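Notes follow once the structure below has been shown.
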Amino acid sequence: MSMQTQVEPNVVEGTKKDKSRFLKIIQSLLKSKTGFIGFFIVLTVVFVGVFANYLAPHDYAQTNVDNRLMPPFWMEGGSPEHILGTDNLGRDVLSRIIIGSRVSLLVGVSSVIVAGFIGLVLGLISGYYGKWIDQVIMRLVDSFLAIPNILFMLIFLAVIGPSLASIIIVLGFTTWVVYARMVRSETLSVKERDYVKSARAVGASDFIIIRRYILPNIISSFIVIATLNVATTIILESSLSFLGLGIQPPEVSWGLMLSDGRDYLATSWWVATFPGLAITITVLGIIFLGDWLRDVLDPKIK
Amino acid sequence: MRYFISNVIKIIPVLFLISLIVFILVRVTGDPVALMLPETATDQEREELREALGLNDPLYIQYFNYMKDVLRGDFGDSLRYNQPALGIVLERLPASFTLALSSMAVAVLLSVPAGIYSAIKRNTFSDLIITGASVLGKAMPNFWVGIMLILLFSVNLGIFPVSGSGTLAHLVLPSITLGTGIAAEMTRLIRSSMLEVLNSEYIRTARSKGLHEAFVINKHALRNALIPVVTIMALQTSTLIGGTLITETVFSWPGMGQLLVQAVNLRDMAVVQAATFIIAILVILSNLTADLVYRYLDPRIKYED
Amino acid sequence: MKFRWLVFAAIFFFFLTACNPDSSGEVSGNGSESGENELIIAAGSDMVTFDIHDHNNTSTEAIHVNMFNYLVKNDGEGGFVGDLATEWEIIDDQTWRFKLREDVKFHNGDPFTAEDVKFTLERVAKDNTLLEHGNYNQIAEVNVISDYEVEIVTHNPEPALLNRLSRLGSGMLPKNYIEENGWEHFLEQPVGTGPYKFSEWIKDDRVVLVPNENYFGEKPKWDRVVFRAIPEDSTRVSELLAGGVDIATNIPPDDWERIENDENLKLAKSPSQRVMLLVLRTADEYVTSDPRVREAIDLAIDKEAIVESLYNGAATPTRTRVTPGNVGANEKLYGTSLYDPDRARELLAEAGYPDGIEIQFDAPSGRYLKDKETAELIQSMLAEVGIKANLTFHEWSTFSEKYAEKSFGEMFMIAYGNSMFDAALALVRLKQAENVGETDYINDEVEELLQVAESNMNTEERIAQYQRVQEIIAEERPQIYLFQMDSVYGLKANINFEPRLDEMFYVDDITKN
């Protein structure tokens, strides 16, 4: 897939090293075809998301029933006014995709932060302190693993009602398990290393040990998993929209557009196809980027 | 054996936690009465029904009563069907099982050859294509794939039935829809597991002895690379069952997935709980089985108990 | 090497299909076998239950009407025809007497008698856990006069009794069969008097009916009737296009062209009982307490445009919820709508809001055809005249919860049906006892008229009372009616089917060329 670059697993301080490390990363990015593509796609999407308000040619919510279901400009009946056509209420598809990128990214990134935080804390506690608390947390992990993500979210959202905030929280609450398991197992192995043992022997506090020795060892795997999970949550969000429990209008996300457009697939394909493409390309980019990051940062895991 | 027993014992608190999670999720704010009665019902009608269903009791009493019944296998009656929920869920199990199994077959058929091939041909053009395809498979939401397959194979080409169940032909499109999504993930996992084997000590030794590459791969690598496939398959059980929720809805497949989606929408709490339990047990059992099979196939592996 | 993989794969696949538990046993239900005369109808939801009293689902009733008979049938024009009853008379304000057909047998061979009527109606009238209880609890008791004669006694004068007896849940159940075998057995092997009897029900897939050769009426026409459940709109339409079903319900307007362009298919449309409306709060703390504001909202919304663009014309603007075909309908208010954005702006200014107002607007999404789009259009139309509507969508279960809690703000959108075909049900939510927290509407004249009409046995007077209420409501607008929705079916070209106002499928009225 991409070049495997050996990087020292332990972070070493010193600006010189940092610089060469940074250069190495850039070098490997340029060498890895997929990594570069992924990086480029993600950069573009983030750019679009951040500057969505300036980039969107039309008001994404402006309905115009006289212009509904207008095809993209290169087709008969299309107009350069609406490059990617209009949807069932006459809204500009391109503008909606641009604005929608904001919500999709927001949901993807924030829920990963929520999940990562929960997973990190519980994983550290579980791995570092062990004993009964480890047992409790691991049983909790097992319980979450036994319930399919989508089912858990479905029940949760049906109960508390779907909104941007609740979707982010629910996505976070269902996907933390991956991080917790990873963090726990890494913590377990680092904990037994000699330098940690000696640190403890000289009386370093738990907090110091975790901060100085354990976290730096976890961080690269953590970033890789988090990156890949942004892709997963974007897909999950669109599945939620299909089940009617995703982002609710007037807010717009790619998942919502795709799901709303599915009834027009046979008659006005552009309504669903473009947001679908946006999802696919973005997810593709994230996975490529994540895979490359994994090769660079963390050659241990495959 | 000790390992097995200690694992079985671990299931008990897990099931208890699941019951608690599900109970909390479903009962805390849900009011099924609002959904059961038509828009035109009066307040008095609502209150009467709420009382009759025991929904006015305090939460802990509801949970206590609920656990007492669950231990007897009684999840209460489905609000939608007015019949014991467990029976309704079990009735749907064969259909979902059929779909899950054939989807897994599709996934294995696609992912095992693809994963191994791309590992052997690492960093070649074929590897890139396979990797690209598997990422694509992951990047397309299930429902989208399903609808496209229907439009292409049923409406335009007329090869397979659109929806419903009954014949093997009905099974084809849903299995492909669900199977490809899982194949994508499995291909990636199998590829890395194969790579690991190819990089391992004994393969290198075999190579260094000057054995022919094809022989090395056939004789040594494949066998060892296939062992983790069992685990990889088991890991997908949860995703697979999750996928039935959407696939069954798209194809009107009469299984547990569609039942669950509708039960959630109608706040049919008894069915949601029963089905979640059954699913959890299935997932746990399949992981346990995979674990045992894995240990059996690969005696090198020792677990810390 | 590749070959070995192929063999491995093939063996694996056959292994899997071989242990597949259902692959061999289920092959029966496929549509297109032999030359038998089969009708396949696809609806958006599965039948709910065979407990005819414990659901309120029109598409379930649409199946049941083929298996069970009512005492009387609504002719859709405000009149009634006998079905299991041959004649009926009003003895006094609270007593009705029915004579029954004497040649009717249930599917299991038991004769149908007055005991069955008593059993059926008293069950639903007395058991308050049944969902239809509220529509039958007006019945106090049923007295068996002879084997084929019953008297129904109501608690109060009940002018709409025949309406109540000719709708959802009015089928007649076999008393002996149920008492001997238990209710559970009935639910699995239901038995009625109708032209078709139960064959199988695969939940969320299909209900299959077969003809009842001993039916007392005309001989059943179909050898097999299959009601399929296909919840996904696009799948249902695809199934119709692929030729898998004869009739499909609820075809989304944007698919009409595809169906009409297909020479093997056609569309059939009919008005339905469902009316989309806005419910406004009239209590003092809301801006909508001012009738001028409510009028402005009404005038700001171009119902014709919504009907044309979103529903492709398959809806009828209306200013009343009691549409034609219902007892008490005020036809003057039907088929018309008001739209005058300039006047709306003026009204707002007169009410003291020259700079516009802001209101909360709640709507369900995914419950009714085009509900989401309708609400979004209304929002932008209101914005044109200076009303900023903060639109919040709720998926149906959340919406109905909030609806039951009565926790909406100034305005919400909903579509009401009416299986009773009577103004009483259509207007009951405007009574003060019902409307607290919903419209908070207080108008003594309306209240008085509704109270009196409810038990007024003089039909003409009663109709006039209800018509008056509708006029007042159209003027004062605690509810703003938008349009009556059509039901739209897709059919194979060789199927003859007249859609009904009540959305029932009497399959013997459907024929194939």
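The values are calculated or read from the model by the stated rules, or taken from the named source; none is laboratory data. Computed from a prediction, not measured in an experiment: that's the story for all the values here. As a convention, Cβ positions derive from the backbone with ideal geometry for all residues, glycine included, and neighbour counts pool all protein chains shown. These accessible areas exclude ligands, DNA and RNA; they are computed on the full protein's heavy atoms, side chains included. Shrake-Rupley method; radii C 1.70, N 1.55, O 1.52, S 1.80 Å.
Is it the case, given these coordinates, that C:ARG294 is touching a residue at least 12 places away in the same chain (Cβ under 8 Å) and away from chain A (no Cβ under 14 Å)? Walk me through how you get there before you give the answer.
Details: touching a residue at least 12 places away in the same chain (Cβ under 8 Å): yes; away from chain A (no Cβ under 14 Å): yes.
Criteria met by C:ARG294.
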Some residue of the range B:138-161 being more than 29 Å from A:GLY285 (Cβ to Cβ), more than 14 Å from chain A (Cβ to nearest Cβ), crowded, with 24+ Cβ neighbours inside 10 Å and of a type outside the set (D, E, K, R): yes
Taking the range B:85-117, which residues are within 29 Å of C:LEU131 (Cα to Cα) and touching a residue at least 24 places away in the same chain (Cβ under 8 Å)? B:ALA85, B:LEU86, B:ILE88, B:VAL89, B:LEU90, B:ARG92, B:LEU93
What about A:ARG294, is it open to solvent by 10 Å² or more (accessible area, probe 1.4 Å), within 12 Å of chain B (Cβ to nearest Cβ) and under 19 Å from the mean Cα position of the chain (by Cα)? yes
Members of the range B:236-256 that are within 9 Å of another protein chain (Cβ to nearest Cβ), in contact (Cβ under 8 Å) with a residue 24 or more places away in the chain and not hydroxyl-bearing (Ser, Thr, Tyr): B:LEU240, B:ILE241, B:GLY243, B:ILE246, B:GLU248, B:VAL250, B:PHE251, B:TRP253, B:PRO254, B:GLY255
Can you confirm whether the range C:220-236 contains a residue that is in contact with a Leu (Cβ under 9 Å, 6 or more places away or on another chain), within 11 Å of chain B (Cβ to nearest Cβ), of a type outside the set (S, T, N, Q) and open to solvent by less than 40 Å² (accessible area, probe 1.4 Å)? yes
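For C:ASN37, are the conditions met, namely being in contact with an Asp or Glu (Cβ under 7 Å, 6 or more places away or on another chain), surrounded by fewer than 18 Cβ atoms within 10 Å (Cβ to Cβ) and within 14 Å of another protein chain (Cβ to nearest Cβ)? Even if it seems obvious, please write down each step before you answer.
On the way: in contact with an Asp or Glu (Cβ under 7 Å, 6 or more places away or on another chain): yes; surrounded by fewer than 18 Cβ atoms within 10 Å (Cβ to Cβ): yes; within 14 Å of another protein chain (Cβ to nearest Cβ): no.
Answer is no for this residue.
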Only unsatisfied item for C:LYS99, checking (1) among the charged types (D, E, K, R); (2) surrounded by 15 or more Cβ atoms within 10 Å (Cβ to Cβ); (3) modelled with pLDDT of 90 or more; (4) within 27 Å of B:GLU48 (Cβ to Cβ), is (4)
Pairs, please: C-beta under 7 Å, at least 6 apart or cross-chain, first residue of a type in the set (S, T, N, Q) and in the range C:415-436, second in a helix (DSSP H, G or I) and open to solvent by 10 Å² or more (accessible area, probe 1.4 Å)? C:ASN418/C:LEU425; C:SER419/C:THR58; C:GLN432/C:GLU447
Matching entry among C:ASP340, C:ASP262 (being in contact with a Leu (Cβ under 7 Å, 6 or more places away or on another chain), surrounded by fewer than 22 Cβ atoms within 10 Å (Cβ to Cβ) and without any contact (Cβ under 8 Å) to a residue 24 or more places away in the chain): C:ASP262
Any idea which residue in the range A:190-234 is farthest from B:GLY242 (Cα to Cα), counting only those that are in contact with a helix residue (DSSP H, G or I) (Cβ under 7 Å, 6 or more places away or on another chain) and among the small types (Gly, Ala, Ser)? A:ALA199
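Taking the range C:76-92, which residues are part of a loop (DSSP other than H, G, I, E, B) and open to solvent by 80 Å² or more (accessible area, probe 1.4 Å)? Quick ask: steps written out before the conclusion?
Taking the range C:76-92 as the starting set, the residues that turn out to be part of a loop (DSSP other than H, G, I, E, B) are C:76-79, C:83-84.
Within the range C:76-92, C:GLU77 is the sole residue that qualifies.
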Within the range A:124-160, restricting to residues that are part of a loop (DSSP other than H, G, I, E, B) and surrounded by 20 or more Cβ atoms within 10 Å (Cβ to Cβ), the one that is nearest to the other protein chains (Cβ to nearest Cβ) is A:PRO148
What is the residue count in the range B:131-161 for residues that are part of a helix (DSSP H, G or I) and free of Cβ contacts under 8 Å to residues at least 60 places away in the same chain? 18
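Considering the range A:82-93 alone, what residues qualify as being more than 24 Å from C:ILE306 (Cβ to Cβ) and either out of contact with any Phe, Trp or Tyr (no Cβ under 6 Å at 6 or more places or on another chain) or of a type outside the set (Val, Ile, Thr) (or both)? Walk me through how you get there before you give the answer.
Going residue by residue through the range A:82-93, those that are more than 24 Å from C:ILE306 (Cβ to Cβ) are A:83-84.
Hit for the range A:82-93 is A:LEU84, nothing else.
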Give all pairs with beta carbons closer than 9 Å in which a residue from the range A:203-216 that is under 19 Å from A:PHE117 (Cα atoms) and in a helix (DSSP H, G or I) meets a residue that is of a type outside the set (Asp, Glu) and open to solvent by 60 Å² or more (accessible area, probe 1.4 Å); count only pairs at least 6 apart in sequence or on separate chains. A:ASP206/A:TYR129; A:ASP206/A:ARG200; A:ILE209/A:ARG200; A:TYR213/A:ARG193; A:TYR213/A:TYR195; A:PRO216/A:ASN10; A:PRO216/A:VAL11
Restricted to the range B:257-267 and to residues being more than 8 Å from chain A (Cβ to nearest Cβ) and open to solvent by 10 Å² or more (accessible area, probe 1.4 Å), the residue farthest from A:LEU243 (Cα to Cα) is B:LEU266
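Those residues that are in a helix (DSSP H, G or I), within 20 Å of A:ILE83 (Cα to Cα) and within 12 Å of chain B (Cβ to nearest Cβ), I need them from the range A:263-279; list them, please. Can you show your working first?
Let us first name the residues in the range A:263-279 that are in a helix (DSSP H, G or I), namely A:263-264, A:270-279.
Going one step further and asking which of them are within 20 Å of A:ILE83 (Cα to Cα), we end up with A:264, A:270-279.
The answer is A:TYR264, A:ALA272, A:THR273, A:PRO275, A:GLY276, A:LEU277, A:ALA278, A:ILE279.
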For the range C:349-380, how many residues meet the condition of being touching a strand residue (DSSP E or B) at 6+ places or on another chain (Cβ under 7 Å), more than 30 Å from A:LEU240 (Cα to Cα) and either within 11 Å of chain A (Cβ to nearest Cβ) or crowded, with 17+ Cβ neighbours inside 10 Å (or both)? 1
Answer yes or no: is there a residue in the range B:208-222 that is in contact with a Pro (Cβ under 7 Å, 6 or more places away or on another chain) and either open to solvent by less than 10 Å² (accessible area, probe 1.4 Å) or touching a residue at least 24 places away in the same chain (Cβ under 8 Å) (or both). no
Return the residues of the range A:181-195 that are buried (at least 18 other Cβ atoms within 10 Å of the Cβ) and either over 21 Å from A:ILE125 (Cβ atoms) or hydrophobic (A, V, I, L, M, F, W, C) (or both); say none if nothing qualifies. A:MET182, A:VAL183, A:VAL190
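Mind checking whether some residue in the range B:66-79 is under 19 Å from B:MET256 (Cβ atoms), touching a Gly at 6+ places or on another chain (Cβ under 7 Å) and within 10 Å of chain C (Cβ to nearest Cβ)?
Step one: of the range B:66-79, the residues under 19 Å from B:MET256 (Cβ atoms) are B:70, B:73-79.
Retained after the next criterion (residues that are touching a Gly at 6+ places or on another chain (Cβ under 7 Å)): none.
The answer is no; no qualifying residue exists.
Within the range C:398-469, considering only helices (runs of 4 or more DSSP H) that don't extend past its boundaries, which have at least 2 residues that are more than 9 Å from chain B (Cβ to nearest Cβ), crowded, with 17+ Cβ neighbours inside 10 Å and over 20 Å from the mean Cα position of the chain (by Cα)? Reasoning before the result, please.
On the way: elements: C:423-427, C:432-435, C:444-454.
Answer list for the range C:398-469: C:444-454.
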Conditions (1) part of a helix (DSSP H, G or I); (2) facing chain C (nearest Cβ under 10 Å); (3) within 23 Å of B:VAL33 (Cβ to Cβ): number failed by B:ALA105: (3)
Criterion violated by C:MET47 - all others in (1) open to solvent by 10 Å² or more (accessible area, probe 1.4 Å); (2) at pLDDT below 95 satisfied: (1)
